[in-house]
């Protein structure tokens, strides 16, 4: 399956160049272009996820450096495409996956995208057939086994995910999208907004679109997730269910 790409650049000719580069690169397809990072964030808030974001650095309203921190939860890979090579060190400090200097050659662009696609294909699986979630820990070869029945909720925190259990907490650098995919076959987990997944094994009460967990934590279902939430409840209520 081709990976979807987004471009954020305030210069039209730069957008066009990147769109043309994406068109000749195997394995990727252009989805949307924006000249404003805030407009891109609004789009992603509604659509939840994009595979790759190509982002300029020096833009009006908000710089690419600051925008990257907001965009990270919505994408698998985030790359700067800029005419300013001096931001290279800072970009990797904030966890960027690539750095291309304008004008970008066809060869360098394709090589960079191929490296990303290869890295994604080599990521360890998060499948959960045995009642636990295996996530990457803080060091390169460290993994943590998390019992699914102990998970209260999972929360996206900028460029990492925090998993709250009945007795402890864990940080992992997987995205919330990856965690959601890993537990999608488990009927107790439900994503209720762009940054939170809850376990209904630990839900004490539902009042409209407000949720109370057994540990006292409270959550609200966002507008874009209400239909999915209603369907989740409807399928589990005895009788005709809710409308």
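Numbers for the structure displayed
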quantity: Label-point separation, residue 86 to residue 11 (7 Å along Cα→Cβ), nm; calculated: 1.6
quantity: Separation in nanometres of the label points that stand 7 Å from Cα toward Cβ, at residue 181 and residue 23; calculated: 2.8
quantity: Stretchable slack from residue 61 to residue 142, in nm (0.36 nm times residue separation minus alpha-carbon distance); calculated: 25.2 nm
quantity: Residue-averaged 222 nm ellipticity for the chain, from DSSP H runs of 4+ at -39500 (n - 2.57), nearest 500; calculated: -8500 deg cm²/dmol
quantity: FRET efficiency, residue 227 to residue 32 (Cβ-Cβ, R0 22 Å, nearest 0.05); calculated: 0.45
quantity: From the coordinates shown, Cα Rg over 2.2 N^0.38 Å corresponds to which of (i) 1.00; (ii) 0.96; (iii) 1.12; calculated: (iii)
quantity: Estimated distance in nm for a label pair at residue 236 and residue 118, the labels positioned 7 Å out from Cα along Cα-to-Cβ; calculated: 4.4
quantity: Antiparallel DSSP beta bridges within the chain, percent to nearest 5; calculated: 60
quantity: Pairwise FRET efficiency - residue 169 versus residue 2, Cβ, R0 = 35 Å, nearest 0.05; calculated: 0.45
quantity: Helix axis angle, 12-23 relative to the chain longest principal axis, alpha carbon, degrees; calculated: 70
quantity: Residue-span extension gain [residue 111 to residue 188] - 0.36 nm each, minus C-alpha spacing; calculated: 23.6 nm
quantity: Cα gyration tensor shape for the stretch 3-121, rounded if a/c is under 1.5, else prolate or oblate; calculated: rounded
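No value in this document is a laboratory result; all are computed from the given coordinates. Fair warning: this is a prediction, and the values are worked out from it, not measured in the lab. A quick note on method: Cβ atoms are made from the backbone with ideal geometry, for glycine too, and the neighbour counts reach across all protein chains shown.
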